[in-house]
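Below is one structure; the comments refer to it alone.
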């Protein structure tokens, strides 16, 4: 019975293995693989964020304990707690460097440019660099002079600037563009583009950058 079970499992497993040299042509199969890859990426990102939050919360609690121990005069214990804080912080920094990051090129000729899809409560950091110009002006300037704006779905607009971190108040796609009014027909003569980097962050009381609602 044991050998039979192993053989059945082996047969079932081998039935889904695809030769690396061949290409899958069935659209449904490719859709299934794409769906799998997307779900795995989302799960890995959620796992990293959960780890960061757990470690960040622990660092916060350890800092309280460190303060109490220092007041009691137990320097040996204080040193041990401080060492643990350092170890956790190093782990947090390492995980933060592996958070999901996505880069988009945002042209000035399009009023709204679609970027990442957000879910309510997700914290993200948006960083913008480059030069562009509204209204066909030749004097190109950076995002400090002509800051980009954003919106989630067709919700209310909010300023982004060169660097902003915020929490999504609703589900939807984050759209970004230069502020040249709300008439899409006037954007054709704009010049330049900017590069926008979006980083998904863990929602924590000790986030590395200040989190504000959009």
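Here are the numbers for the structure shown:
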| quantity | calculated |
| --- | --- |
| Residue check for residue 126: surrounded by 13 or more Cβ atoms within 10 Å (Cβ to Cβ), over 29 Å from residue 38 (Cα atoms) and either in contact (Cβ under 8 Å) with a residue 60 or more places away in the chain or in the same structural domain as residue 193 (by TED's automatic domain parsing) (or both) | no |
| Residue within the stretch 42-50 that is surrounded by 17 or more Cβ atoms within 10 Å (Cβ to Cβ) and either closer than 20 Å to residue 162 by Cα or free of Cβ contacts under 8 Å to residues at least 40 places away in the same chain (or both) present | no |
| Residue check, residue 157 touching a residue at least 60 places away in the same chain (Cβ under 8 Å), over 27 Å from residue 41 (Cβ atoms), out of contact with any helix residue (DSSP H, G or I) (no Cβ under 8 Å at 6 or more places or on another chain) and surrounded by fewer than 19 Cβ atoms within 10 Å (Cβ to Cβ) | no |
| Residue that is closer than 24 Å to residue 183 by Cβ and within 18 Å of the chain's Cα centre (by Cα), where the choices are 113, 94 | 113 |
| Residues located in the stretch 31-41, provided they are surrounded by 11 or more Cβ atoms within 10 Å (Cβ to Cβ) and at pLDDT 85 or above | 32, 33 |
| Only listed residue being assigned to a helix (DSSP H, G or I), touching a residue at least 40 places away in the same chain (Cβ under 8 Å) and out of contact with any strand residue (DSSP E or B) (no Cβ under 6 Å at 6 or more places or on another chain), chosen from 92, 81 | 92 |
| Residue within the stretch 195-205 that is surrounded by fewer than 15 Cβ atoms within 10 Å (Cβ to Cβ), within 30 Å of residue 60 (Cβ to Cβ), touching a residue at least 40 places away in the same chain (Cβ under 8 Å) and out of contact with any strand residue (DSSP E or B) (no Cβ under 8 Å at 6 or more places or on another chain) present | yes |
| Filtered residues of the stretch 116-148 (kept if closer than 19 Å to residue 165 by Cβ and not in a strand (DSSP E or B)) | 119, 120, 121, 122, 143, 144, 147 |
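The values are calculated or read from the model by the stated rules, or taken from the named source; none is laboratory data. Values in this document were obtained by computation on a predicted structure and should not be read as measured data. Cβ atoms come from the backbone with ideal geometry, glycine included; neighbour counts cover every protein chain shown.
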